[in-house]
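Dropping a structure here in structure tokens format, bear with me for questions.
The values are calculated or read from the model by the stated rules, or taken from the named source; none is laboratory data. Remember, it's a predicted structure, so these values are computed and weren't measured experimentally. Neighbour counts run over all protein chains shown; Cβ positions are idealised from the backbone, glycine included. Calculation scope for accessible area: heavy atoms of the full protein, side chains included, ligands and nucleic acids excluded. Shrake-Rupley method; radii C 1.70, N 1.55, O 1.52, S 1.80 Å.
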Amino acid sequence: MSLRTEAPARAAAANPVRPPKTGELVARRLRRMIVDGELSDGEFLPQEAALMEMFAVSRPTLREAVRVLESEGLVELRRGSRTGARVTVPGPEVVARSAGLQLQLSGATLADILLARSAVEPVAVRLLAERGDDEAFDALEEVLGEERARGEDPQAFAIGAVEFHQRLLELSGSPTLTMMAGMLNVIVERQLSSTMARKSVADPDESRRERRRAIRSYEKLLTLLRARDGAGAEAHWRKHLDVVAGLLEHEQTNRVLDILE
């Protein structure tokens, strides 16, 4: 063996590739069933006996697979009148909690989150204007109607505002943008809810005006979307996000992990 091949051979011998355990393989199969929709959110996994027969494995191996899925947040173990493992498809808030720790360890602040959101959401808005249909715009209009009804409750309005943002992302048809911005929106919603509640006490009239301006901004966005004006919708949404960042000007140094706690 030449010197050139001896080093890789020694490294491979020192770090042998471990074949996956049977429990990991079963977890992989169950994970795929969840992703493919064979097992839906909220649905219980089949009984242990049925799964053991399906995969031809022992009870300890099956339980190892379920623990893997539980650690990934894909199932939760239920006890009581209806026991078993229930499918729990994680949403943006789950991603936000996990990412929040990483962001905090890297020194991220609310300012970082707002900057990232301003880079992602306008692109999704353009996609929605260019690819969306009347059904999608009507769905967004419905969310706007719900937000109008929350106008007098600042904290509920903040939550509804993020729902509006999240819905337009979902309607854009980009799962990647939706997940990325959805995680960011969870963090923004926590801070925005706190800020709006405080402002409504300090200056209720100005707080009410801010909420009305937000509603008018949403209405203008919908007009641009229905006109299929992708460039106009994107530019308008960038300005809207700048306004939101201005409302949170004094909180932008807040740490992500503190916001999520």
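Within the group Leu103, Leu25, Leu115, which residue is closer than 30 Å to His240 by Cα, open to solvent by 40 Å² or more (accessible area, probe 1.4 Å), out of contact with any His (no Cβ under 7 Å at 6 or more places or on another chain) and modelled with pLDDT of 90 or more?
Numbers: Leu103 fails: modelled with pLDDT of 90 or more; Leu25 fails: closer than 30 Å to His240 by Cα.
It is Leu115.
Mind listing whichever residues of the stretch 119-136 are surrounded by fewer than 18 Cβ atoms within 10 Å (Cβ to Cβ) and either in a helix (DSSP H, G or I) or touching a Phe, Trp or Tyr at 6+ places or on another chain (Cβ under 7 Å) (or both)? Show your work before the answer.
As a first pass, look at the stretch 119-136 and keep what is surrounded by fewer than 18 Cβ atoms within 10 Å (Cβ to Cβ): 119, 123, 130-131, 133-135.
Residues satisfying the conditions are Ala119, Val123, Glu130, Arg131, Asp134, Glu135.
Against the definition (at pLDDT 90 or above and either in a helix (DSSP H, G or I) or under 28 Å from the mean Cα position of the chain (by Cα) (or both)), how does Arg10 come out, yes or no? Before the answer, list the steps.
Working: at pLDDT 90 or above: no; either in a helix (DSSP H, G or I) or under 28 Å from the mean Cα position of the chain (by Cα) (or both): yes.
Judged against the criteria, Arg10 is not a match.
Each row is one residue, and each column tells you yes or no for (1) polar (S, T, N, Q); (2) within 22 Å of Glu130 (Cβ to Cβ); (3) touching a residue at least 40 places away in the same chain (Cβ under 8 Å).
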{"site": "Arg167", "(1), (2), (3)": "no, yes, no"}
{"site": "Thr178", "(1), (2), (3)": "yes, yes, yes"}
{"site": "Met196", "(1), (2), (3)": "no, no, yes"}
{"site": "Ala214", "(1), (2), (3)": "no, no, yes"}
{"site": "Leu224", "(1), (2), (3)": "no, yes, yes"}
{"site": "Asp242", "(1), (2), (3)": "no, no, yes"}
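Moving to a separate point now. In the stretch 140-235, which helices (runs of 4 or more DSSP H) lie fully inside it and hold 3 or more residues that are open to solvent by less than 60 Å² (accessible area, probe 1.4 Å), out of contact with any helix residue (DSSP H, G or I) (no Cβ under 9 Å at 6 or more places or on another chain) and on the phi > 0 side of the Ramachandran plot? Write out each step before concluding.
On the way: elements: 154-171, 175-202, 204-226.
It comes to none.
Oh, and also: What residue, of Glu135, Glu93, Glu146, is modelled with pLDDT of 90 or more and over 21 Å from Ile215 (Cβ atoms)? Can you show your working first?
Numbers: Glu93 fails: modelled with pLDDT of 90 or more; Glu146 fails: over 21 Å from Ile215 (Cβ atoms).
Exactly one of Glu135, Glu93, Glu146 is modelled with pLDDT of 90 or more and over 21 Å from Ile215 (Cβ atoms), namely Glu135.
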